[in-house]
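Read-outs throughout are calculated quantities, based only on the coordinates presented, and are distinct from any laboratory measurement. Nothing here was measured: the structure is a model prediction, and the numbers come from that model. Counting neighbours? That spans all protein chains shown, and the Cβs are built from the backbone with ideal geometry, glycine included.
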Amino acid sequence: MPIKDKNGKLLVNSTDQLERWREYFCELFNIHSTVDPDVINEIQITTPSRSDLERQNAQPCIEEVERALNQMKSRKAPGSDEVTADILKAGGEPVIKWLHEIFNDVWENEKMVKEWSSATLVRLYKNKGDKSCVTITEVSHY
């Protein structure tokens, strides 16, 4: 589907469209900070308590996995694996145990599943007739 460049020119060539999307996302996600570095240097770093450190460094317990699963929103679109939160919730205790094993394996090996770090962006046009990147909503599909 054609989109417009920064000057409003309609891009019909797929190479030009991809370049415009690259340019748009670079501008969108690579924002230069306006925070004064002196302000950052004034922030006092607190040392967490021993119990906080132990809790934060401990592997996720099965109750945490169950709590996280229950907090996931229902009736939402699935990711690239086509598995919805509703399906996981319907699996009950066996699925919670299975997820717990996966998360602890990731925790122990410090290696995340490759698919967890990628997303597909789906373009949804917000305004009829306008084809500029800024009038398009990007929805990430994991």
query: Once both axes come from the Cα atoms, what is the angle between helix 92-109 and the longest principal axis of the chain, in degrees from 0 to 90, rounded to 10?
result: 80
- prompt: What FRET efficiency, computed as 1/(1 + (r/R0)^6) with R0 = 41 Å and r the Cβ-Cβ distance, is obtained for ALA90 and SER117, rounded to the nearest 0.05?
  reply: 0.95
field: Kirkwood hydrodynamic radius of the stretch 60-141, Cα pairs, Å
entry: 15.1
message: What is the angle, in °, between the Cα long axis of helix 62-71 and the longest principal axis of the Cα atoms in the chain? Nearest 10 is fine, range 0 to 90.
response: 40
message: Could you work out the pair-distance distribution P(r) of the chain from its alpha-carbon pairs, with 10 angstrom bin width and percents rounded to whole numbers?
response: 9, 23, 22, 25, 17, 3
- prompt: To the nearest 500 deg cm²/dmol, what mean residue ellipticity at 222 nm is calculated for the chain from DSSP H runs of n ≥ 4 alone, each contributing -39,500 (n - 2.57), summed and divided by the residues?
  reply: -13000 deg cm²/dmol
